[in-house]
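Shown next, in structure tokens, is the structure this report addresses.
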Amino acid sequence: MTDLTSRKLTMKEYFVVSSLLFGLFFGAGNLIFPLHLGQLAGGHWTGAAVGFLVTAVLLPLLSVLAIAVTRAEGVYDVGKPLGVGFALTFMVLIHATIGPLFGTPRTATVSFTVGVAPFVDKAHQSLALFVFSLVFFSLAFAFSYHENNILANVGKVLNPMFLALLFLMFLVAFLSPLGNPMNGAVTSAYLHGAVVNGFLEGYNTMDALAGLAFGVTVVHAVRQMGQKKASDVSKVVAKSGLLGMAAVGLIYLLLIVAGAMSLGKFKVSADGGVAFTQIVNYYGGAFGQVVLAVLITVTCLTTAVGLVAAFAQDFHKHFPKVSYQTWLFLTTLASFVTANFGLQQIIAWSTPMLMFLYPLAMVLILLSVCSPLFNRDGVVYFFVVLLTVVPALGDMVVAFPAVVSQSAFGQMVATWRSTLPLSSLGLSWLVPALVGLALGLVGHWLRKRKVAVPA
């Protein structure tokens, strides 16, 4: 008989898992959204922070737990209760979003906007971005193609240096604040909806999607430590996650406050990349900007290598007729092309996709975590997802830039969507999802009762 006894982990091993979770969810791109949120929320930053931490910290942790509870080998398995077709489609959408459409290009545009753009005049910004992104993704392709560990090893040294520089900025910013965060001007959206808007802003981190795609890495590491029972794996992930995600949450909170304080000297910026540059320049001058440029570029490049490699590996696994190297080239090329639209355009067009994918991801994560309660019955999944996906599509359409949202089709969808509860808050999917859950649980109970009754 197989021994399923799990050994007790040491504190050092818990710390290793926590560090892995921290590294998985915190990248340089995660700096810009909480900082910008602080500027948008101003004096209402506390409510905005609560909402943001739910989708940017709690939900990503639950996504890894979902992988552990269901013993999934990746995002494909999370959607499998709804059939192979849905699982494959969901996997492609997740990887495309955190990969070549939005997530991977953002690694180049964030490092360019924060580290390089301040040294280039506006007339040459487009050319500079083209050259920078070409070199950036050429290096990402080369390191991923040869599966070279050099960049990863360099990242292990420079990433802590980047975090040290970040905390130095926090120290200086809080000792010599730019303004009182409680007195910052509040933008109209955050006057009465700070919590909900903070919740929606957390979508931009894409960490819940990343947790579904890469959570298997964490779960595999825990199993390698001698955790044999699924329940023990989940407990280790939960305990380690509390520490790792608490660190991520602390950084987010400090960034939000720093953003609110920056309103004492600066106006609300176009994006968090500009805001971060302004703050670093104010405190560190040109030297601080140069150091930041090097560290953030290497940090983002390390992230990009992981993203393009993961995309190529997963797609090669499910579409083996195309080689790993070919998938790698395609995702790197697509990321390079997308990056040259610029950070603001990437954010503007990623928001609609996230308004569609995040509700789906949220319900699948919560269903997966709770799946032992209903034996992972596909009927429950079916009703919840069905009644989530329709309003989520409506949220996606109205979130598009004006060229789509203000079209005749966009206006028609907006009119229909306005009839749904909570649509004004961007949460039109929530009530239908709860109705779907009730229907799914009733369906599960009826099926269970039918099986229990003898013929």
I'd like the full set of residues that are under 14 Å from VAL172 (Cβ atoms) and among the hydroxyl-bearing types (Ser, Thr, Tyr), limited to segment 260-297. SER262, TYR282, TYR283
When you scan segment 336-355, do you find a residue that is of a type in the set (Gly, Ala, Ser), crowded, with 20+ Cβ neighbours inside 10 Å, touching a residue at least 24 places away in the same chain (Cβ under 8 Å) and more than 29 Å from PHE167 (Cβ to Cβ), even just one? no
Filter segment 405-429 for residues that are without any contact (Cβ under 8 Å) to a residue 40 or more places away in the chain and either under 16 Å from VAL363 (Cα atoms) or part of a loop (DSSP other than H, G, I, E, B) (or both) and give the result. GLN406, SER407, SER418, THR419, LEU420, PRO421, LEU422, SER428
For GLY215, only one of the following conditions fails: (1) over 19 Å from the mean Cα position of the chain (by Cα); (2) under 30 Å from ALA41 (Cβ atoms); (3) open to solvent by less than 30 Å² (accessible area, probe 1.4 Å). What is its number? (1)
Report the residue count in segment 141-178 for those that are surrounded by 14 or more Cβ atoms within 10 Å (Cβ to Cβ) and either at pLDDT 90 or above or aromatic (Phe, Trp, Tyr) (or both). 7
For segment 226-246: of the residues being surrounded by 18 or more Cβ atoms within 10 Å (Cβ to Cβ) and either over 24 Å from GLU201 (Cα atoms) or of a type in the set (A, V, I, L, M, F, W, C) (or both), which is nearest to the chain's Cα centre (by Cα)? MET245
Output the qualifying pairs, or none if there are none: Cβ atoms under 8 angstrom, residues six or more apart or on different chains, first residue in segment 244-267 and assigned by the TED database to the domain that holds ASN183, second residue buried (at least 19 other Cβ atoms within 10 Å of the Cβ) and of a type in the set (Ser, Thr, Tyr). GLY244/SER18; ALA247/SER18
When you look at ALA312, is it assigned to a helix (DSSP H, G or I), in contact with a Ser or Thr (Cβ under 8 Å, 6 or more places away or on another chain) and over 22 Å from ASN204 (Cα atoms), yes or no? yes
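The values are calculated or read from the model by the stated rules, or taken from the named source; none is laboratory data. Because the structure is predicted, anything quoted here is derived from the model rather than measured. Note that we place each Cβ from the backbone using ideal geometry, even for glycine, and neighbour counts take in every protein chain shown. Areas reflect the complete protein model, heavy atoms only, side chains present, ligands, DNA and RNA absent. Shrake-Rupley method; radii C 1.70, N 1.55, O 1.52, S 1.80 Å.
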